[in-house]
Amino acid sequence: MDGETTYIEASAKAVYQKCVELSRNLWWTWHPEVMNIYRDLDPIRWRQLDHNPVALLHEFTPERLAARAAEMVLHSRINYAHRRMKEYVNQTDTWASTHAGVLGANPVAYFSAEFGIHESLPIYSGGLGVLSGDHVKSASGLGVPLVGIGLFYAQGYFKQQLDSDGYQSEEYMNTKVENLAIEPALTPQGEPITVAVETRSGPVLAKVWQMNVGRVKLFLLDCNVEGNQPQDRELTSRLYGGNERTRVRQELVLGVGGVKALRALNITPGVYHLNEGHSAFGPLEVIRERMHDDGMTFDDALRETAQKTVFTTHTPVPAGHDRFDAAMVEEHLGPLRDELGISYEQLMGLGRVEPQNDQETFCMTVLGLKLSRRANAVSQLHGHISRRMWAHLWPWRVEEEIPIGHITNGVHIPSWLAWQMSQLYDRHFPNGWMQRMGESEVWRFIHKVDPGELWETHNTLKNLLLSFVRRRLSRQCRRRREHDDVVEAARNALDPSILTIGFGRRFATYKRAALLLTDEDRLSELLNDKQRPIQIIFAGKAHPKDEPGKQLIQRLANLRHDPRFAGKLVFVEDYEINVCRHLVQGVDVWLNNPRRPLEASGTSGQKVVLNGGLNMSILDGWWAEAYNGINGFAIGKGTSHVSDEVTDRRDAAYLFETLEERVIPTYYKRDADGLPHQWIQMMMNSISTLAWRFSAHRMVMDYARECYVPAAGGLSCEMH
Ligand SMILES: *Cc1c(COP(=O)(O)O)cnc(C)c1O
């Protein structure tokens, strides 16, 4: 009997160990079959724990897990998933092994202030973070040698709750490190790493964590270490928190600290990719290393470093570009400046369009542009806007010659594609299509799918979305201690037979969340139409300091007290990756109405495409190059007036017109078999023309070919 017990114990341990190993590589975040294993272990706790497998496994002993696995017949699924992960991590013949071999032992170091990998990892706030997360996942998939550098935020970004007045409150949660799949990063000698960045007012220390995302390692710097001044221990606790000084110190740690961390890890990058200006101090530390190690002059070291540096700018909104006072820069970069042997004026000049103009503040975007040989915007239109915006940096060039190209953003398909849709693609697409998802040929097969099958799959997902929203709405009402009848109404909100429009994004002014509300009566008529009604789901956070944004949310949320809108126009709290995933997988139409040309790219609409939803958007960002007349809906003609007021009024009119004359009639036009064939045709057009083009695989392949390989000294195929 003893032997048997030991055997059972041993096999329980082995199953448990495999589940733990699966949880410690974020590969699982884009493998629904692994998530389903965790969910089957304990569906309720899985949801309550924000789909966090590390936290979930802490609640199991090996024995209880083995028992549950036996009960749910999970063993072979666990073994299979574990084997696949191991194979994936060790695979060597990848796209990059043939197309980006030059990167070899000198990987790309990809710097970003946030990484949106999964809802259980609070190190992102929104679009920029999700883009970085998707970039890293596709780099892993393609086998591009790349390491990520970011910050570890113990509290992350805030959780949004609306009070009974509909007003946004912000709550920051402390994450428990032991519940995350991170571990201390180690030197080749096995020592944990702490880097120190000198400032005029003393050093700032940061320890380094490591996270594994498939084949990519992500290194996160964390200032909560002994030896730091008390206020510096909280430096990295929140995303975009604090004041200008917090911000400059965070960016110092990210850029300069990040380069120091790479050195301690014994990683010598062949390319530095600065994803947005936050990390633009980094190349200055690289220059210092070259001067120190190779005895180069500042100018030579700068030229060589810029050759290896790629800079991506992400916004045409002026306030989106970090600017710091000269004194702030000198306090933090002073010691590094001494080592670089450059003057105060020289350093300030690197962050100014006109180096001598001491009225100009130090701009991180300018610094990024000056320290990189290759720069890009994130859509074709944003490329034009960025060249115009920064033209005065190259006063002797005409606009077309400004060296800022563009690589349009894309999304990581396996992370955003609903399982039901991927099953449908599996049935109709060529074998191994997931390995070729950045190629157009694969997606043409959507036209071979039976329209009824596509429509049914979409409606399954729509139903899942609506039950998710109802669950959230009733939870919101109960928390606000609202009347039973209000809770009951929330439980019954929304109707699956009605055309459902989604709007989920930050409540930044330029995104104009309230454009539909400019004519409440006309909107109410659309919501309450007897034959062809619509319903709308809103979600989004306002920046804690954005008072108008918060008031807008309040106005939207409080429409639930107006019988014309109750149960038909709803607001779901706390827009983050999980809420976004539900929305993009289940809506019929995704509404995007920014003030052109301020949406640099936008990616949420790309997530909708994969799942069969249609975009209805202003011709801005990615949509300006994506829309072809038959793959979704354009609002307006891609023009904007010099006066915002005029633009807004005109766009509101276009918006209603598009809804009334195109979207609603097409959706409700049913053929003899009860299906909206014209609509389904548009879904197919959208999938076949857009899914591959706006995938992160295509995006990362573009970065590899146009930026990384040439920057690493490979065969040059210049983009400008
Ligand atoms: C995809 C995503 C975004 C980006 O959406 P936009 O289209 O750029 O507004 C923002 N937040 C979350 C949580 C996302 O998943």
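The values are calculated or read from the model by the stated rules, or taken from the named source; none is laboratory data. Since we're looking at a predicted model, the values are computed, not measured. With ideal geometry, Cβ positions are generated from the backbone for all residues, glycine too; neighbour counts draw on all protein chains shown. These accessible areas exclude ligands, DNA and RNA; they are computed on the full protein's heavy atoms, side chains included. Shrake-Rupley method; radii C 1.70, N 1.55, O 1.52, S 1.80 Å.
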Please report the projected area of segment 527-685's Cα convex hull averaged over all directions, in nm². 10.5 nm²
Sorting 519, 325, 546, 651 on solvent-accessible surface, 1.4 Å probe, most exposed first, gives 325, 519, 546, 651
Give me the Å³ per residue figure for the convex hull around the C-alpha atoms of segment 413-694. 127 Å³
Would you tally the net charge around residue 385, using a Cβ to Cβ cut-off of less than 15 Å, leaving residue 385 out, and scoring K and R as +1, D and E as -1? -1
Run through the DSSP bridge list for the chain and note the antiparallel percent, rounded to the nearest 5. 30 percent
Once you have the Cα-Cα distance between residue 325 and residue 297, take 0.36 nm times their residue separation minus that, and quote the gain in nm to one decimal. 7.3 nm
Under the Karplus relation 6.51 cos²θ - 1.76 cosθ + 1.60, θ = phi - 60°, what is the ordered set of whole-Hz ³J(HN,Hα) values for segment 307-313, x standing for Gly and Pro? 4, 8, 10, 10, 10, 10, 9
In sequence order, what are the phi-derived ³J(HN,Hα) couplings for segment 58-67 according to the Karplus relation 6.51 cos²θ - 1.76 cosθ + 1.60 with θ = phi - 60°, rounded to whole Hz, with x for glycine and proline? 4, 8, 10, 8, x, 5, 5, 5, 4, 5
Segment 519-568 versus segment 324-364: alpha-carbon centroid distance in Å: 47 Å
For segment 413-694 the mean separation of alpha carbon contacts under 8 Å (6+ apart) over residue count, i.e. relative contact order in percent, is 22 percent
For residue 376, what residues show an amide H to amide H distance below 5 Å, using hydrogens built from the backbone and excluding near sequence neighbours? 311, 312, 313, 405
Three principal axis lengths of segment 79-212 [C-alpha, angstrom, descending]: 57, 44, 29
For a test of the definition: using alpha carbon positions, the gyration tensor, and the 1.5 limit on a/c, classify segment 2-88 as rounded, prolate or oblate. oblate
Taking the chain as the region of interest, what is the percent of Cα-Cα pairs per 20 angstrom bin, listed from the shortest bin to the one with the maximum distance? 17, 51, 29, 3, 0
The local net charge around residue 27, scoring Lys/Arg +1 and Asp/Glu -1 for residues other than residue 27 whose Cβ lies under 12 Å from its Cβ, equals +2
Explain nothing, just the number: relative contact order of the chain, from Cα pairs under 8 Å at least 6 residues apart, as a whole percent. 13 percent
Which value, in Å² rounded to 10, gives the accessible area of residue 201 with a 1.4 Å probe and all protein chains present? 50 Å²
Rounded to whole Hz, the Karplus (6.51, -1.76, 1.60) HN-Hα couplings of segment 664-681, x for glycine and proline: 4, x, 5, 5, 8, 7, 9, 8, 3, 7, x, 9, x, 4, 5, 4, 4, 4
Inter-label distance for residue 161 and residue 317, nm, one decimal - labels placed 7 Å from Cα along Cα-to-Cβ: 2.7 nm
Computed, not fitted: 222 nm per-residue ellipticity of the chain from DSSP H runs ≥ 4 (each -39500 (n - 2.57)), nearest 500, equal to -12500 deg cm²/dmol
Sort the following peptides by mean Cβ neighbour count (other Cβ atoms within 10 Å, averaged over residues), highest first: 207-216, 468-477, 36-45. 207-216, 468-477, 36-45
Cα-based Rg and Dmax for segment 158-236, in Å, come out at 16.9, 57
Mean Cβ count within 10 Å, highest first, over the residues of peptides 352-360, 218-226: 218-226, 352-360
In the chain the accessible area split gives carbon plus sulfur, as whole percent at 1.4 Å, a share of 50 percent
Using alpha carbon centers only, segment 154-176 is separated from segment 624-640 by a whole-angstrom value of 36 Å
Find how much the distance from residue 447 to residue 401 grows on full extension, using 0.36 nm per residue of separation minus their present alpha carbon separation; answer in nm with one decimal. 12.5 nm
Cα-centred dipole magnitude for the chain, charges only on beta-carbon of K, R (+1) and D, E (-1), debye, nearest 20: 1140 debye
Going by accessible area, probe 1.4 Å, with all protein chains left in place, what is the ranking of 232, 93, 562, largest first? 93, 562, 232
Under 11 Å from the Cβ of residue 524, count the other residues' Cβ atoms, weight Lys and Arg +1, Asp and Glu -1, and hand me the total. -3
The whole-number value in µm²/s of the Stokes-Einstein translational diffusion coefficient for segment 479-564, with Rh from the Kirkwood sum over alpha carbon pairs at 4 °C and 1.567 mPa s, is 90 µm²/s
Could you tell me the ratio Rg/Rh of segment 366-437? Both radii from Cα atoms, Rh via Kirkwood. 1.27
Straight-line reach from residue 607: which lysines fall under 27 Å, measuring Cα to Cα and dropping same-chain residues less than 8 apart? 137, 159, 217, 448, 462, 511, 541, 550, 568, 637, 669
Using only alpha carbon pairs under 8 Å that are at least six residues apart, calculate the relative contact order of segment 604-720 and give it in whole percent. 26 percent
Radius of gyration, Dmax [segment 606-720; alpha carbons; angstrom]: 18.6, 61
For segment 290-429, rounded, prolate or oblate, judged on the Cα gyration tensor with a ≥ b ≥ c (square roots of eigenvalues), a/c < 1.5 rounded, else prolate if a/b > b/c? prolate
Residues whose built amide H sits under 5 Å from the amide H of residue 412, excluding neighbours closer than 5 in sequence, are 696
